[in-house]
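S.K.: Shown below is the structure under consideration.
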Amino acid sequence: MSEPEEELQGEQRESTKKKKKKEKRSGKKKKKKEEEDEEEEEQSEHVVLRGIFKLGKKSHDVLLTRTRLTWTPITPEIPTGEACAPQPDVLLLQDVFAVKVKRRRAAGQQSGGAVLGMALFCCKRRGRRLEEDTVHLHNASSEHTHTWYNTLKELLTACLSLSLISSRPRYLKVFINPSSHKKEAVHIYREHVAPLFNMAEVRTDITVTERKGHALSVMKECKLDEYDGVVCVGGDGSVAELCHALVLRAQLDADSPEKPVKAVLPLGIIPAGSTDVISCSVHGVRDPVTAALHIIMGHLQQVDMCSFSSLGQLVCFGFSAMFGFGGRSLARAEKKRWMPSSRRREYALVKTLARLRPEDCQLSFLPAKKSNRNLFEHLDQEQDTESEVEESWTTNQGLYLNISIMSIPCLSPHAPQGLGPNTRLTNGSAALIAVGNTSRSEFIKHLKRYSSSSGQFSFSFVEMHDVSAVRIRPRSLIGWSEEESEEEGESKTTPIIQSEGAAFPWNIDGELVEIANEVLVRVHPRLITLYGEEVDEAESTVSCSCI
């Protein structure tokens, strides 16, 4: 055998030895980790307390470990035959948000009283809804009850340090919009939300807003480091204002006027509006109790947002926008604020359909890059050079009845699958839905299919794209103000943004924004965190009979 061949074989043997040693070391590490996991599991399942409590009318054998509470009914032994062993009920401590001592008190008595036992308040899931449930453990012994109560409190406090429930808030800044929808926001908070927050020992600092922009001005000045989160009780407009305020505040704190910065605090949404699209998109239902329990339990969901700018100036941050039919119908609805919300919405739809006309505009969009769809280490997806970005734009010119841009699915009871069913909360892109010029009857067919499961995009005049940016440049010289002023009279409602000359109405998160010039929309992945979770479909409870 030649000398080079001997050297090569020697190197291969050495490499094989090193590989075996490495595999042996990794095997030892894996075995050690498995042993540590088993030991941790055994420790967590070690019985901390055991006692007898009455649940309902039966006595139960109750066991408490570091992670769960189990109780089994105590049944008398049967001398003849074998009795079937009853199955224990289980409550995970991660689902418990409060423990209280139960006492018998006379009418008007505020403190003291004979001990009756304990009550554990927990969160139970029923479909898309979250409900508060209570487990009552009765035992008249004060010493026995307090031993269990103190141990449970210690275990729950220890659980707060775990990643599983460490996001549970202890102090919240709450904004209530008393004018939203049927002016029920204050009632909803007092009746459904405040009792749950008090039970979970969540402290609150409440501001009742007095005007548009009030929440934004408060958010610019308050000390955010005092709070664990922010809560909005209102409709989509109030939610959009607070989301805008949180991102704007993050920009100010980071001294980054050009680039959007991720909001520091999560936002909780208590639905109190007419459609509550943003709330439905992270809860699946319009239910204040479900929303409150998502906040209490610390369920966090990162969400993409869009920035809307015109002529280089930021208009606002938001989740969705509609230009054309969606903007004009909202503008008509805003002029009839004295009507009940359902009648106002139906009136605006019918009136806008009766005067249906397309918008002549230039539509440009930047297709979302599939390779970057799941990379969210950076907040901004637009890291390409200006030349690369310009080369990637796709531009169309023509007549459009409606153009929608949505970074979230926009679920609602009226559209259970969402206005943008193919987008997700954190996919780093937005759904662009452009409805070209067509007959009124075909357009109505398209609208009606949103309330069903599918088919709304199977028309030849409807285009849908996944985009990271959109630019809309109106070419028509006739704006909303000129067209509608003679027919409708002066509007009593002032839009957020008013432009000189001919202005076009935009529906941005349910708020009317009038802009005369082109609008640039950019998607910013995971720009804000909301209390909630990803849901595929909203609960459908209403139907619109106007079309």
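The values are calculated or read from the model by the stated rules, or taken from the named source; none is laboratory data. Small disclaimer: the values here were computed from a predicted structure and weren't measured. Cβ placement follows ideal geometry from the backbone for every residue including glycine, while neighbour counts extend to all protein chains displayed. All accessible areas refer to the heavy atoms of the entire protein, side chains included, with ligands and DNA or RNA removed. Shrake-Rupley method; radii C 1.70, N 1.55, O 1.52, S 1.80 Å.
S.K.: What's the local net charge at Pro271, with K and R +1, D and E -1, over the other residues with C-beta under 11 Å away?
M.R.: On the way: positive: Arg286; negative: Glu184, Asp236, Asp276, Asp287.
Around Pro271, the surrounding residues sum to -3.
S.K.: Going by amide H atoms built from the backbone, whose H comes under 5 Å of the H on Cys232, apart from near neighbours?
M.R.: Counting only residues 5 or more places away or on other chains, the set is Phe175, Gly268, Ile269, Ile270.
S.K.: If you don't mind, there's one more thing I want to ask. Output ³J(HN,Hα) for the stretch 167-178: one whole-Hz value per residue in order, computed from phi by the Karplus curve 6.51 cos²θ - 1.76 cosθ + 1.60 with θ = phi - 60°, and x for Gly and Pro.
M.R.: So the Karplus estimates, Gly and Pro as x, are 7, 5, x, 10, 9, 10, 9, 10, 10, 10, 9, x Hz.
S.K.: Which log10 I(q)/I(0) values, to two decimals, does the stretch 221-338 give at q = 0.13, 0.21 Å⁻¹ under the Debye formula with one point per Cα?
M.R.: Log10 of I(q)/I(0), two decimals: -0.59, -1.29.
S.K.: Under the Kirkwood approximation applied to all pairs of distinct alpha-carbon atoms, what is the hydrodynamic radius of the stretch 179-277 in Å?
M.R.: For the stretch 179-277, the Kirkwood estimate is 14.4 Å.
S.K.: Right, something else. Over all alpha-carbon pairs in the stretch 271-330, figure out the percentage whose distance exceeds 13 Å. Please list the in-between numbers first.
M.R.: Numbers: 1283 of 1770 pairs.
More than 13 Å apart: 72 percent of the Cα pairs in the stretch 271-330.
S.K.: Right, next: What number, in percent, do you get for the relative contact order of the stretch 256-369 if the mean sequence gap of Cα pairs under 8 Å and at least 6 apart is divided by its residue count?
M.R.: Computed over the stretch 256-369, the figure is 15 percent.
S.K.: Under 5 Å between amide H atoms, partner at least 5 residues away or on a different chain: which partners does Leu300 have, H built in plane at 1.01 Å?
M.R.: Gly532
S.K.: Next question. Among 397-404, 148-155, how do they line up by average Cβ neighbours within 10 Å per residue, starting with the highest? Intermediate results must be reported in sequence, preceding the final value.
M.R.: Working: 397-404: 19.6, 148-155: 16.1.
Packing proxy ranking, top to bottom: 397-404, 148-155.
S.K.: Sorting Glu533, Glu221 by accessible area (1.4 Å probe), largest first, what list results? Before the final figure, lay out each step's value.
M.R.: Working: Glu533 45, Glu221 150 Å².
Per-residue accessible area, sorted high to low, gives Glu221, Glu533.
S.K.: For a quick check of your reading of the filter: which GluC sites (Glu not before Pro) in the stretch 51-131 sit in a DSSP loop and have no more than 15 other Cβ atoms within 10 Å? Walk me through the intermediate numbers first.
M.R.: Values: sites: Glu77, Glu82, Glu131; in loops: Glu77, Glu82.
Qualifying residues, ordered by number: Glu77, Glu82.
S.K.: Report the gain in length on full extension from Ser439 to Gln362: 0.36 nm times residue separation, minus Cα-Cα distance, nm rounded to one decimal.
M.R.: Details: separation 77, 0.36 × 77 = 27.72 nm, distance 2.09 nm.
25.6 nm is the gain from fully extending Ser439 to Gln362.
S.K.: I would also like to ask the following. Could you tell me what percent of the accessible area of the stretch 227-270 is made up of carbon and sulfur, with a 1.4 Å probe and every protein chain present? Could you put the intermediate results ahead of the total?
M.R.: Working: 700 of 1400 Å².
Carbon and sulfur atoms account for 50 percent of the accessible area of the stretch 227-270.
S.K.: A follow-up question, please. Could you state, as a whole-number percent, how many of the C-alpha pairs of the stretch 125-225 are farther apart than 19 Å?
M.R.: On the way: 3245 of 5050 pairs.
In whole percent, the long-distance tail amounts to 64.
S.K.: OK, next. Applying the Karplus parametrisation 6.51 cos²θ - 1.76 cosθ + 1.60 with θ = phi - 60° to the phi angles of the stretch 148-153, what ³J(HN,Hα) value in whole Hz is obtained for each residue in order, glycine and proline being reported as x?
M.R.: Calculated HN-Hα couplings, in order: 5, 4, 5, 5, 4, 4 Hz.
S.K.: Considering only DSSP states other than H, G, I, E and B, which chymotrypsin sites (Phe, Trp or Tyr not before Pro) in the stretch 256-347 qualify as loop sites with at most 13 other Cβ atoms within 10 Å?
M.R.: Details: sites: Phe308, Phe317, Phe319, Phe323, Phe325, Trp338, Tyr347; in loops: Phe319, Trp338.
In loop regions of the stretch 256-347 (DSSP not H, G, I, E or B), the sparsely surrounded chymotrypsin sites (Phe, Trp or Tyr not before Pro) are Trp338.
S.K.: Do you know the relative contact order of the stretch 137-281, to the nearest whole percent, from alpha carbon pairs under 8 angstrom that are 6+ apart?
M.R.: Working: 183 pairs, mean separation 36.4, N = 145.
Relative contact order of the stretch 137-281: 25 percent.
S.K.: Which order do Ile444, Ile206 take by accessible area at a 1.4 Å probe, largest first?
M.R.: Working: Ile444 40, Ile206 80 Å².
So the residues, ranked largest to smallest area, are Ile206, Ile444.
S.K.: Students sometimes get this wrong: rank Arg344, Arg357 by accessible area, probe 1.4 Å, all chains present, largest first. Don't skip to the answer; put the middle values down first.
M.R.: On the way: Arg344 30, Arg357 70 Å².
Largest to smallest exposure gives the sequence Arg357, Arg344.
S.K.: Summing Lys, Arg as +1 and Asp, Glu as -1, what charge do residues with Cβ under 12 Å from the Cβ of Leu130 carry, Leu130 excluded?
M.R.: -1
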